1. Against the condition of a type in the set (D, E, K, R) and surrounded by 12 or more Cβ atoms within 10 Å (Cβ to Cβ), how does residue 51 come out, does it pass?
2. Being within 16 Å of the ligand (Cβ to nearest atom) and either surrounded by fewer than 16 Cβ atoms within 10 Å (Cβ to Cβ) or at pLDDT below 95 (or both) is the filter here; which residues of region 244-282 pass it?
3. With the requirement that a residue be part of a helix (DSSP H, G or I), free of Cβ contacts under 8 Å to residues at least 40 places away in the same chain and among the acidic types (Asp, Glu), what does region 1-57 give you?
4. Just the residues that are more than 26 Å from residue 165 (Cα to Cα), in contact with a strand residue (DSSP E or B) (Cβ under 9 Å, 6 or more places away or on another chain) and either without any contact (Cβ under 8 Å) to a residue 40 or more places away in the chain or within 16 Å of the ligand (Cβ to nearest atom) (or both), please, taken from region 111-127.
5. Filter region 193-211 for residues that are closer than 26 Å to residue 146 by Cβ and surrounded by fewer than 24 Cβ atoms within 10 Å (Cβ to Cβ); which is nearest to the ligand (Cβ to nearest atom)?
6. Does residue 219 fit the bill of being closer than 21 Å to residue 76 by Cβ, among the hydrophobic types (A, V, I, L, M, F, W, C) and either within 12 Å of the ligand (Cβ to nearest atom) or buried (at least 23 other Cβ atoms within 10 Å of the Cβ) (or both)?
7. Residue check: is residue 167 surrounded by fewer than 19 Cβ atoms within 10 Å (Cβ to Cβ), within 28 Å of residue 231 (Cβ to Cβ) and within 13 Å of the ligand (Cβ to nearest atom)?
8. Take residue 234 and decide whether it is under 18 Å from residue 95 (Cα atoms) and either more than 13 Å from the ligand (Cβ to nearest atom) or assigned to a strand (DSSP E or B) (or both).
Amino acid sequence: MALTLEDALRNDADDPLHRLRARFALPRTADGESAIYLCGHSLGLMPLAARVDMVAALDDWARLAVLGHEQGERPWITYHDVLAAPTAELLGCRPEEIAIMNTLSVNLQLMMASFFRPAGHRRCIVIEAGAFPSDRYATATHLQWHGLDPADALIEIAPRDGQECVSEEDIEALLARRGEEIALVLWPGVQYLTGQAFDLGRIARAARAAGALFGVDLAHSVGNMPQPLRALEADFAVWCNYKYLNAGPGAVAGCFVHQRHFDANRPRLAGWWGHELQTRFRMPQAFRAAYGAAGFQLSNQSVFAAAPLIASLGLFHEAGAQRLREKSLALGRFFAELLAVHTPQVRIITPREPAAHGAQLSLRIGTDPARARRIFQRLAAHGAICDWREPDIIRAAPAPLYNSFTDVFTFVMRLAEALRAA
Ligand SMILES: *Cc1c(COP(=O)(O)O)cnc(C)c1O
C-alpha cells in the first residue's frame with residue numbers, strides 16, 4: 001500500500017499530467033511558503049496563460065477601441081465561438097448547444113423561464129434537500145414568481161434517515177409516485193456538500209418517464225468528471241466556470257440547451273445578443289432568435305470575464321478527459337488510504353465507489369463542532385487551503401490538472417497534526 005512520502009513522490013514521477021502543474025500560478029502562504037491548495041471545487045487556480053489572453057484582450061481595447069468588436073486577434077462579436085467549441089468538446093455535445101454567458105444563478109433563472117412551464121396539475125419542481133443555497137433560492141422564488149407556493153410546489157428529496165447521500169432509487173420512486181405533478185427536475189451532477197456524483201442518466205430516464213423536463217446543475221462536475229451531455233439527453237444544463245474550470249472569480253458561466261429545444265418560438269427572456277447575427281445590427285424591432293443555445297444570450301460578451309477560460313479549456317484539451325479522470329481517481333484512492341491510516345477518527349462522507357464521486361472528498365471531523373472548527377483553523381494557519389462547512393465538514397478536492405500526490409500526502413500529515421494539537 002502506497003503510504004509514504006516516497007510513494008507520493010514516485011506517483012508524481014509516474015504521472016503523465018504532473019508537468020501541467022507548472023502551467024498554473026500556485027498560491028503561497030503569508031510567509032512565502034507554497035500553500036497546499038485543495039480548494040479547486042470552490043475557485044480553481046489561475047492558468048499562467050490566462051494572463052496572456054487577458055492582456056491580449058486589453059491590448060485590443062487599447063489599440064482598437066470600438067473596432068475591436070470586428071477586428072483584432074479575437075473579435076468580440078464572435079468571441080463566443082472561441083469559448084463554445086472547446087466547451088462542447090469537454091461536455092460531449094454540439095457547439096450550437098452551448099452558450100457562454102452571464103453567471104450561474106442568472107443562467108439558472110433564465111433556463112427556468114424557458115423550461116419551467118407549469119400547467120394544470122403539473123407545476124412542481126424537484127430538487128435535492130440541502131441543495132446549494134442559490135439553487136434553492138432560485139427554484140423557490142421562481143415558483144413564487146409564477147404565483148406558486150414553494151411549500152407544496154418545491155419537492156426536496158432527502159437522504160434516508162441516518163444517511164448522508166440521496167439514493168437514485170428514492171428519486172425514481174418519487175418520480176414514479178408523483179410524476180404527474182412534476183414539471184421540472186433540477187439535479188446536480190456532483191452534490192456540493194457531500195461530493196456525491198449522481199447517475200444522471202438514470203435520473204434523466206426517470207424524469208422523462210414521468211413527463212417532466214430535466215435540468216442539471218454542473219457547477220461541481222464540469223472539469224471534475226466526464227459528463228457527456230448528449231448521451232444524457234438533459235433538456236438544459238447550467239454551470240459556472242470558476243471552480244474546476246479555472247476561469248477566475250465571477251467568470252462568465254455556461255449553459256447548455258438540447259438541440260430538441262432549438263425551436264425559435266420556445267419562450268425566453270430575450271436580449272439583443274440572442275437575435276440572429278446576420279440582422280442583429282440592423283436593430284430590428286422584432287426579435288428573431290439565433291439558432292441554438294446562442295439564441296438564449298441577452299447581452300454582448302463579457303470579454304474580460306471570459307478571456308481566462310480560453311487558456312483553461314486549452315489545458316483540459318491537452319490533458320485529455322480520460323487521463324484526467326484516471327488521475328483523479330488515483331488521487332482520491334491515495335487520499336482515502338492516507339486518511340484511514342493517519343486520521344482514523346475522520347469519516348469520509350463522499351461515496352467511495354468510483355462512479356459516485358469526483359475529486360472532492362468531504363470529511364466529517366468526528367468531534368464536537370467547536371474543536372472541529374479549531375482543527376480547520378489550524379490547518380489554514382499551516383498553509384493548507386480547503387474549506388469548512390458547518391457543523392463539522394471539511395471539503396478538500398485534489399484537482400487532477402494541477403494537484404500532486406505530494407500535495408495530498410502533505411495535506412493529510414497536516415490534518416493529522418492539527419487533530420493531535422487541537
Ligand atoms: C458554486 C455554485 C453556485 C454559485 O452561483 P453563482 O451564480 O456562480 O454565484 C450556484 N449553485 C451551485 C450548485 C454551485 O455549486
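The values are calculated or read from the model by the stated rules, or taken from the named source; none is laboratory data. Model, not experiment: these values are computed from the prediction. Because the Cβ atoms are built from the backbone with ideal geometry, glycine has one as well, and the counts that use them run over all protein chains shown.
1. Values: of a type in the set (D, E, K, R): yes; surrounded by 12 or more Cβ atoms within 10 Å (Cβ to Cβ): yes.
Answer is yes for this residue.
2. Within region 244-282, the first condition is being within 16 Å of the ligand (Cβ to nearest atom), and the residues that meet it are 244-256.
Those that are within 16 Å of the ligand (Cβ to nearest atom) and either surrounded by fewer than 16 Cβ atoms within 10 Å (Cβ to Cβ) or at pLDDT below 95 (or both): 249, 250.
3. Within region 1-57, 6, 14 meet the criteria.
4. 111
5. Per the criteria, the residue is 203.
6. Working: closer than 21 Å to residue 76 by Cβ: no; among the hydrophobic types (A, V, I, L, M, F, W, C): yes; either within 12 Å of the ligand (Cβ to nearest atom) or buried (at least 23 other Cβ atoms within 10 Å of the Cβ) (or both): yes.
In short, no.
7. Spelling it out, it is not the case that residue 167 is surrounded by fewer than 19 Cβ atoms within 10 Å (Cβ to Cβ), within 28 Å of residue 231 (Cβ to Cβ) and within 13 Å of the ligand (Cβ to nearest atom).
8. Numbers: under 18 Å from residue 95 (Cα atoms): yes; either more than 13 Å from the ligand (Cβ to nearest atom) or assigned to a strand (DSSP E or B) (or both): yes.
Taking the combined requirement at face value, the residue satisfies it.
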